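*Asks:* One structure, pasted below without further comment.
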Amino acid sequence: MAAIVEGHDLTKRFGTGDATVVAIDSVDIAIEESELVMIMGDSGCGKTTLISLLGCILTPDTGELRIDGEPINPEVQDMSVIRREKIGFVFQLFHLLPYLTALENVMVAMDLARTHTTEAESRATALLTQVGLSERLHHRPAQLSGGEKQRVSFARALANRPKIIFADEPTANLDSRQSDNLMNLIQELRQEHQTTIAIVTHHEGLKENADRVIQMKDGRIVTT
């Protein structure tokens, strides 16, 4: 299969002088089409920084990044356009807009992509129905459980048909039942949408769901 995301010799440092921290240290990584990957390791090992580089939120100090076969050059390309068109994100703390309904939170992503309102509403309704929230379309985040909020997050991440979704600790704020339900949903969404998914997690129990586990330590990949 073709690699959706490839990083070669990626390095990212924070701070200057004696306070410099090498968060990502000469990492090579490739994630293939329709693959479900778990990125694991101790806190502070660089997992979130790595997916932030791969997802064009952060810019590497050195190295090369390709998405869907195309080289990424932050000096000449608009990273916000690449994120909007090719990448979906799911965050540990959901990052839903509290004053918008579930439907409106999903539509926002398509509004940024200038999708016509009628099409956006139709697609958002279909996605929320697929994640089991057809009865919660007009509920605001404060009216939803943690598991429901995370389902809205995945629906929003899928809104613009991304090549890859990066999920940062998506089960961290969920109980075991909600975590199991979310992983079942992730598998279903991957099959339905043929979307590549990379999940950062500490949850050892999620390993069995992965096609591959990438283990990190001290800013480096130690096993793949």
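The values are calculated or read from the model by the stated rules, or taken from the named source; none is laboratory data. Computed from a prediction, not measured in an experiment: that's the story for all the values here. When we count neighbours, we look across all protein chains shown, and the Cβ atoms used for this are built from the backbone with ideal geometry, even at glycine. The accessibility values were calculated without ligands, DNA or RNA, using every heavy atom of the protein model including side chains. Shrake-Rupley method; radii C 1.70, N 1.55, O 1.52, S 1.80 Å.
*Asks:* Using the alpha-carbon centroid of each, what span in Å lies between the range 163-224 and the range 1-45?
*Replies:* One Cα centre to the other: 16 Å.
*Asks:* Which value at 222 nm does the chain reach when only helices count, each DSSP H run of 4 or more adding -39,500 (n - 2.57), with the total divided by all residues and rounded to the nearest 500 deg cm²/dmol?
*Replies:* -10000 deg cm²/dmol, from helical runs alone.
*Asks:* Order of 96-108, 59-71 by packing, highest average Cβ count within 10 Å first? Please report the intermediate quantities before stating the final value.
*Replies:* On the way: 96-108: 19.2, 59-71: 15.2.
Per-residue Cβ counts within 10 Å, averaged per peptide and sorted highest first, yield 96-108, 59-71.
*Asks:* Within the chain, how many Lys pairs sit with Cα atoms under 18 Å apart, leaving out pairs fewer than 8 places apart on the same chain?
*Replies:* On the way: K12/K47; K12/K217; K47/K207; K47/K217; K86/K163; K207/K217.
Value for the chain: 6.
*Asks:* Taking +1 at the Cβ of each Lys and Arg and -1 at the Cβ of each Asp and Glu, which of L58, S80, Q130 sits farthest along the dipole of the chain towards its positive end, judged by Cα position relative to the Cα centre?
*Replies:* After comparing all options, I get Q130.
*Asks:* Continuing with the same structure: So, R0 is 30 Å and r is the distance between the beta-carbons of T117 and Q215; what FRET efficiency does that work out to, to 0.05?
*Replies:* Working: r = 44 Å, r/R0 = 1.48.
FRET efficiency, T117 to Q215: 0.10.
*Asks:* Can you tell me the length gained on complete extension of the stretch H202 to D42, counting 0.36 nm per residue apart and subtracting the Cα distance?
*Replies:* Difference between extended and current length: 56.9 nm.
*Asks:* Continuing with the same structure: Viscosity 1.002 mPa s, temperature 20 °C: give me the Stokes-Einstein translational D for the range 110-224 in µm²/s, with Rh taken as the Kirkwood radius over C-alpha pairs.
*Replies:* So the translational diffusion coefficient is about 139 µm²/s.
*Asks:* Among rounded, prolate and oblate, which fits the range 27-114 when a ≥ b ≥ c are the square roots of the eigenvalues of its C-alpha gyration tensor, a/c under 1.5 means rounded, and a/b larger than b/c means prolate?
*Replies:* Oblate is the answer for the range 27-114, as a/c is 1.5 or above yet b/c matches or exceeds a/b.
*Asks:* Then there is this: Please report the projected area of the chain's Cα convex hull averaged over all directions, in nm².
*Replies:* Over all viewing directions, the chain projects a mean Cα-hull area of 12.6 nm².
*Asks:* Which whole-number percentage describes the relative contact order of the range 44-143, with Cα contacts under 8 Å and a sequence gap of 6 or more?
*Replies:* For the range 44-143, the relative contact order is 24 percent.
*Asks:* Sort the following peptides by mean Cβ neighbour count (other Cβ atoms within 10 Å, averaged over residues), highest first: 76-83, 148-155.
*Replies:* Working: 76-83: 12.8, 148-155: 25.2.
Those peptides, ordered most packed to least, come out 148-155, 76-83.
*Asks:* For the chain, what % of the accessible area comes from carbon and sulfur atoms, probe 1.4 Å?
*Replies:* So the carbon and sulfur contribution to the accessible surface is 45 percent.
*Asks:* Counting heavy atoms of the protein chains only and a 1.4 Å probe, report the per residue accessible area for the chain as a whole number of Å². Before the final figure, lay out each step's value.
*Replies:* Numbers: 10980 Å² over 224 residues.
Result: 49 Å² of accessible area for each residue.
*Asks:* Note down the magnitude of the dipole of the chain about its Cα centre, charges +1 on Lys and Arg C-beta and -1 on Asp and Glu C-beta and zero elsewhere, to the nearest 20 debye.
*Replies:* Numbers: 22 positive and 32 negative charges, 109 e Å.
Roughly 520 debye, rounded to the nearest 20.
*Asks:* Given H placed on each backbone N at 1.01 Å, which residues far from I39 in sequence or on other chains put an amide H within less than 5 Å of it?
*Replies:* I199, V200, T201, I214
*Asks:* If you take every DSSP beta bridge fully contained in the chain, what fraction is antiparallel? Give it as a percent rounded to 5.
*Replies:* Here the antiparallel bridges make up roughly 50 percent for the chain.
*Asks:* Another question about this same structure. E188 label point, 7 Å along Cα→Cβ, cut-off 11 Å on backbone N: hits in the range 142-168?
*Replies:* From the range 142-168, the list is empty.
*Asks:* Describe numerically, in nm with one decimal, the distance between label points set 7 Å from Cα along Cα→Cβ at A2 and at L93.
*Replies:* For the pair A2/L93, the computed spacing is 3.7 nm.
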